[in-house]
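Visitor: Can you read through this structure? Questions will come right after.
The values are calculated or read from the model by the stated rules, or taken from the named source; none is laboratory data. Model, not experiment: these values are computed from the prediction. Here the Cβ positions follow ideal geometry from the backbone for every residue, glycine too, while neighbour counts run over all protein chains shown.
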Number of protein chains: 2
Amino acid sequence: MNYNHRRPLLLLSNDDGYQAKGINSLVEMLRPMADLLVCAPEGPRSGYSCAFTANDPLRLTKRHDEPGLAVYSCTGTPVDCVKLALDQLLPIGADGQQRRPDMVIGGINHGDNGSVNAHYSGTMGVTMEGCLKYIPSVAFSLCDHDPDADFTPLAPYVASITRQVLEQGLPKGVCLNVNFPLVKQFRGVKVCRMAFGTWHNEVETRHHSRGYDYYWMIGHYRNDEPEAEDTDNWALTRGYIAITPTTMDVTAHDYLQTMKQQWNTCGSKL
Amino acid sequence: MNYNHRRPLLLLSNDDGYQAKGINSLVEMLRPMADLLVCAPEGPRSGYSCAFTANDPLRLTKRHDEPGLAVYSCTGTPVDCVKLALDQLLPIGADGQQRRPDMVIGGINHGDNGSVNAHYSGTMGVTMEGCLKYIPSVAFSLCDHDPDADFTPLAPYVASITRQVLEQGLPKGVCLNVNFPLVKQFRGVKVCRMAFGTWHNEVETRHHSRGYDYYWMIGHYRNDEPEAEDTDNWALTRGYIAITPTTMDVTAHDYLQTMKQQWNTCGSKL
């Protein structure tokens, strides 16, 4: 591994696997501005959320190594990839210490990670894991599941957002969830809150010839607040790029105060 | 399945598997007050977060069926269990419609789900999935990984918290993460925010005789704000039961405002 100590070091991962077009497009977009360490799953890991592998051994395989770019695949989850890369794969810096990445970036995901999908997304798992390690972290996703999706139009935005995070940092415990709509021309960029929506008809039942039923998880997403102009869903359906700053502090602070006033448990106030 | 339409219906799941002592203790604690539908993983699924199974077929197996209690196991993740139960296993109510559960409950987990562990927890996956379906949802966890842990002292608190949620409900998008310390006598109950903490030394490397390295995910947790008296970690280490109201809206609302003022992307303000 041959890194330039004067350039930023970015750790990249995803949930579509190291061979996916999305992460390879991301590599091409970011190579001009940084040295890159890629550690991504061996195959598809969509819907893996922040899962890590507690009960099985994991393996790493070096796939590519040239000045400024090293690529590893991992048998585990997106979060495993980040944890293993931070523990095992960091280059040694000019001071003889392990160089910490300047950013962790997830993506570019083949598919929408807006709204409640952020909770299921392995791309967001990558980004949240970076954020939980206090490294500025960003997820990029394109609302297009096509394995051959065209990521080219995203390039200037990916570069601009990455550069700003490198320059300004992000607050502790806050990462960015960036979603690109599938449109011919972006109408602009909006910073948004997460919309509330629900998945419906999530189970498809099939009957096996041996006499049992089995199930596929599928479903249709419904935006439950389609009129809310401050949401990611609203922006995306109107052709805007949506950036949702996302917090690791999931405390419901407002309701915490309500509970203090209204709740008691086994006779004692909270 | 034989349910009493005048009693509440609770959907129970966990990440330790349907045979774990924790979920079976929970069943015993809640049977006096409600009809129970249990749908839990076939085996251990710790660390599965909100993962669902996008790429493999799933199966359900009926394990037990008596008036007021049905138990199913599922080959998938904790979140799969909730999705499949809501789609496939709900009893028909007096009105001829599927009865929606009055609550979704995850646990009782063998191990601590406070602080950032909430992001990795399959028990919280269960609870968040219920909450994302707008059903009042609670996770119970005991800070004891022993498969034979003693859950008896939790019973009055589990009953009291469940009863209050049944009576009062919870705000849309808010669920409860309840953690019990491993102490002889609880000092009381505190409603808390999530502490920030980090996992360290997460990877153990082993060498295989065939000449390659493999890795186990382990690690040691460090509370990064040990003096903060309003956190779950503070309460738990001092013998208090910690209730953290947890929001599904992960938008960083404060930083969203900052970004609107300070950021621009490709030349345009957000």
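Visitor: Give the number of residues within region A:225-270 that are touching a residue at least 12 places away in the same chain (Cβ under 8 Å) and farther than 20 Å from A:GLY111 by Cβ.
Guide: Here the count works out to 7.
Visitor: Can you find even one residue in region A:146-165 that is among the aliphatic types (A, V, I, L, M) and more than 14 Å from chain B (Cβ to nearest Cβ)?
Guide: Looking through region A:146-165, at least one residue is among the aliphatic types (A, V, I, L, M) and more than 14 Å from chain B (Cβ to nearest Cβ).
Visitor: Scan region A:48-105 for residues that are of a type in the set (A, V, I, L, M) and free of Cβ contacts under 8 Å to residues at least 24 places away in the same chain and jot them down.
Guide: Of everything in region A:48-105, those that are of a type in the set (A, V, I, L, M) and free of Cβ contacts under 8 Å to residues at least 24 places away in the same chain turn out to be A:ALA54, A:ILE92.
Visitor: Would you point out which residue out of A:GLY173, A:GLY169, A:GLY239, A:GLY211 is more than 30 Å from B:VAL138 (Cβ to Cβ) and either within 9 Å of another protein chain (Cβ to nearest Cβ) or at pLDDT below 95 (or both)?
Guide: Details: A:GLY173 fails: more than 30 Å from B:VAL138 (Cβ to Cβ); A:GLY169 fails: either within 9 Å of another protein chain (Cβ to nearest Cβ) or at pLDDT below 95 (or both); A:GLY239 fails: either within 9 Å of another protein chain (Cβ to nearest Cβ) or at pLDDT below 95 (or both).
After ruling out the rest, the residue left standing is A:GLY211.
Visitor: Please list, ordered by first then second residue, the pairs with beta carbon atoms under 8 Å, 6 or more apart or interchain, first in region B:12-36 and more than 20 Å from B:THR77 (Cα to Cα), second among the acidic types (Asp, Glu) and part of a loop (DSSP other than H, G, I, E, B).
Guide: Cβ pairs passing all conditions: B:ALA34/B:ASP102.
Visitor: Here is a further query. Among what's in region B:198-208 and is within 26 Å of the chain's Cα centre (by Cα), facing chain A (nearest Cβ under 9 Å) and not aromatic (Phe, Trp, Tyr), pick the residue that is surrounded by the fewest Cβ atoms within 10 Å (Cβ to Cβ). Walk me through how you get there before you give the answer.
Guide: Filtering region B:198-208 down to residues within 26 Å of the chain's Cα centre (by Cα) leaves B:198-203.
Adding the requirement that they be facing chain A (nearest Cβ under 9 Å) leaves B:198-199, B:201-203.
Going one step further and asking which of them are not aromatic (Phe, Trp, Tyr), we end up with B:198, B:201-203.
Numbers: B:THR198: 16, B:ASN201: 9, B:GLU202: 20, B:VAL203: 17.
Selected residue: B:ASN201.
Visitor: If I ask for residues that are within 14 Å of chain A (Cβ to nearest Cβ), of a type in the set (S, T, N, Q) and surrounded by fewer than 17 Cβ atoms within 10 Å (Cβ to Cβ), which ones from region B:9-55 would you list?
Guide: Of everything in region B:9-55, just one residue is within 14 Å of chain A (Cβ to nearest Cβ), of a type in the set (S, T, N, Q) and surrounded by fewer than 17 Cβ atoms within 10 Å (Cβ to Cβ), namely B:ASN55.
Visitor: From the list B:ASP249, B:ASP224, pick out the single residue that is surrounded by fewer than 22 Cβ atoms within 10 Å (Cβ to Cβ), at the interface with another protein chain (Cβ under 7 Å from one of its Cβ atoms), touching a Gly at 6+ places or on another chain (Cβ under 7 Å) and at pLDDT 95 or above.
Guide: Checking each option against the conditions leaves just B:ASP249.
Visitor: Scanning region A:176-190 for residues that are among the β-branched types (Val, Ile, Thr) and more than 17 Å from the chain's Cα centre (by Cα), which turns out farthest from the other protein chains (Cβ to nearest Cβ)?
Guide: Top of the filtered list is A:VAL183.
Visitor: Can you report the number of residues in region A:83-93 which are farther than 15 Å from A:TYR3 by Cα and in contact with a Leu (Cβ under 7 Å, 6 or more places away or on another chain)?
Guide: Pass one, region A:83-93, residues farther than 15 Å from A:TYR3 by Cα: A:83-88.
Next, from what is left, pick out any that are in contact with a Leu (Cβ under 7 Å, 6 or more places away or on another chain): A:84-85, A:88.
Of the residues in that region, 3 qualify.
Visitor: If you take just the strands (runs of 3 or more DSSP E) that sit entirely in region B:1-68, which of them hold at least 1 residues that are closer than 23 Å to B:TYR134 by Cα and at pLDDT 95 or above?
Guide: Filter on region B:1-68 gives B:9-13, B:35-41.
Visitor: Which residue is farthest from A:ASP249 (Cα to Cα), if the candidates are limited to region B:209-221 and must be surrounded by 12 or more Cβ atoms within 10 Å (Cβ to Cβ) and not hydrophobic (A, V, I, L, M, F, W, C)?
Guide: In this case the residue turns out to be B:ASP213.
Visitor: Inside region B:73-153, counting only helices (runs of 4 or more DSSP H) that do not spill past its ends, which hold 1 or more residues that are modelled with pLDDT of 95 or more and of a type in the set (S, T, N, Q)?
Guide: B:117-120, B:122-132
Visitor: A follow-up question, please. Working only within region A:229-268, note down all residues that are closer than 16 Å to B:MET194 by Cα and out of contact with any Leu (no Cβ under 8 Å at 6 or more places or on another chain).
Guide: Of everything in region A:229-268, those that are closer than 16 Å to B:MET194 by Cα and out of contact with any Leu (no Cβ under 8 Å at 6 or more places or on another chain) turn out to be A:THR247, A:ASP249, A:VAL250, A:THR251, A:ALA252, A:HIS253, A:ASP254, A:LEU256, A:GLN257.
Visitor: Restricting to region B:56-75, what's the tally of residues that are touching a Phe, Trp or Tyr at 6+ places or on another chain (Cβ under 7 Å) and within 13 Å of chain A (Cβ to nearest Cβ)?
Guide: Total meeting the criteria: 6.
Visitor: Just checking, how many residues over region A:163-195 are in contact with a strand residue (DSSP E or B) (Cβ under 7 Å, 6 or more places away or on another chain) and outside any loop (DSSP other than H, G, I, E, B)?
Guide: 14
Residue-wise test of (1) over 16 Å from B:THR244 (Cα atoms); (2) out of contact with any strand residue (DSSP E or B) (no Cβ under 6 Å at 6 or more places or on another chain); (3) crowded, with 19+ Cβ neighbours inside 10 Å.
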{"site": "B:ASP95", "(1), (2), (3)": "yes, yes, no"}
{"site": "B:ARG100", "(1), (2), (3)": "yes, yes, no"}
{"site": "B:GLY107", "(1), (2), (3)": "no, no, yes"}
{"site": "B:CYS131", "(1), (2), (3)": "no, no, yes"}
{"site": "B:CYS143", "(1), (2), (3)": "no, yes, yes"}
{"site": "B:ASP148", "(1), (2), (3)": "yes, yes, no"}
